[in-house]
Amino acid sequence: MQKDIHPKSKVVKFIMPNGEILETISTYKGDEFHCERSIHDHPAWKKTAVVSDLNTKSEQVTKFMGKFGGFDAMFGQKK
């Protein structure tokens, strides 16, 4: 078995927008991670999740939708 091929794990503080702190073990390189959305109000974790609730203004989402927004997963072509 190869040695030292896995990233090091350590305790990291995840700081929610409301100031709540969640400590967990992670391979994140920093000591703290400041979350943009709370796990308590993120639409992905709610039963009433709606795609329009997602932060579509995010640069990454906008870039992704520009590239693949019309892509049809079944046939591999744009609609």
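Of note:
- The simple Förster model, with R0 at 22 Å and r as the Cβ-Cβ distance, assigns T27 and Q2 a FRET efficiency of 0.80.
- For P17, the shell of other residues with beta-carbons less than 12 Å away shows a net charge of -2, using +1 for Lys and Arg and -1 for Asp and Glu.
- Neighbour-count order for V11, V61, fewest beta carbons within 10 angstrom listed first: V11, V61
- Among M65, M16, a tally of other beta-carbon atoms within 10 Å of each Cβ gives an order, fewest to most, of M65, M16.
None of the figures in this text is laboratory data; all of them are computed from the coordinates on show. Fair warning: this is a prediction, and the values are worked out from it, not measured in the lab. So basically every Cβ, Gly included, is an ideal-geometry build from the backbone, and we count neighbours across all protein chains shown.
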